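The values are calculated or read from the model by the stated rules, or taken from the named source; none is laboratory data. It should be emphasised that the depicted structure is a prediction, and the values quoted were computed from it without experimental measurement. Positions of Cβ are backbone-derived with ideal geometry, glycine not excepted, and every protein chain shown enters the neighbour counts. In case anyone asks, the SASA skips ligands and DNA or RNA and just uses the protein heavy atoms, side chains included. Shrake-Rupley method; radii C 1.70, N 1.55, O 1.52, S 1.80 Å.
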Amino acid sequence: MDSESVAWPSAEPSYRLRPPATDEAVALDALAAVLDATPRRPERVSVRLAIGRRMDLLGPRREALEALSGHADVTVADDHTIGTLALTEAAFADLAELFADLDRAVVFDPDGVAIADWRGGLLRFALPEAAVETVRDSVDVAIANRIERVE
């Protein structure tokens, strides 16, 4: 899941958004808006989480980590979790529950081309220009103004 191994579409421009570090909900909402707006089908997500089975997790966070660990290509180590899983509604809900611990998530279409990449507080995504306007309309104006095209 290195940045060099992520293929981006050549026919769609790339954008980036650095949401305020203090508001995880904004970042999650922006990612959801991108996935809703893309004309490509978000099929799978590769993740790296900064939590593992030795962490003191309770309630919904523990249940979300256990749900992720049930996927064949997800490995939960003592202090981290990595792997790739189908991006279903349930998987997105589990990732949303653990979003504060998400180091990286790359969403791919069925052809293995990236739609979105969340890493280090930065959301990079590729969408047609009309779809980016849909994303801007879906998020707060202050966040929409932070979306910038990557050349």
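Quick notes
- Wholly enclosed strands (runs of 3 or more DSSP E) of the stretch 56-151 bearing at least 3 residues at pLDDT 95 or above, open to solvent by 30 Å² or more (accessible area, probe 1.4 Å) and in contact with a strand residue (DSSP E or B) (Cβ under 9 Å, 6 or more places away or on another chain): 81-86
- Screening the candidates 48, 53, 40, 44 for the property of being in contact with a Ser or Thr (Cβ under 9 Å, 6 or more places away or on another chain), of a type outside the set (Asp, Glu) and within 27 Å of residue 133 (Cα to Cα) yields one hit, 44.
- Some residue of the stretch 4-17 being modelled with pLDDT under 95, β-branched (Val, Ile, Thr), farther than 22 Å from residue 113 by Cα and open to solvent by less than 20 Å² (accessible area, probe 1.4 Å): no
- Cβ pairs under 6 Å, 6+ apart, first in the stretch 94-117 and under 12 Å from residue 65 (Cα atoms), second hydrophobic (A, V, I, L, M, F, W, C) and open to solvent by 20 Å² or more (accessible area, probe 1.4 Å): 94/67; 96/28; 99/28; 101/50
- Scanning the stretch 19-28 for residues that are buried (at least 16 other Cβ atoms within 10 Å of the Cβ) and not small (Gly, Ala, Ser) returns 19, 26, 28.
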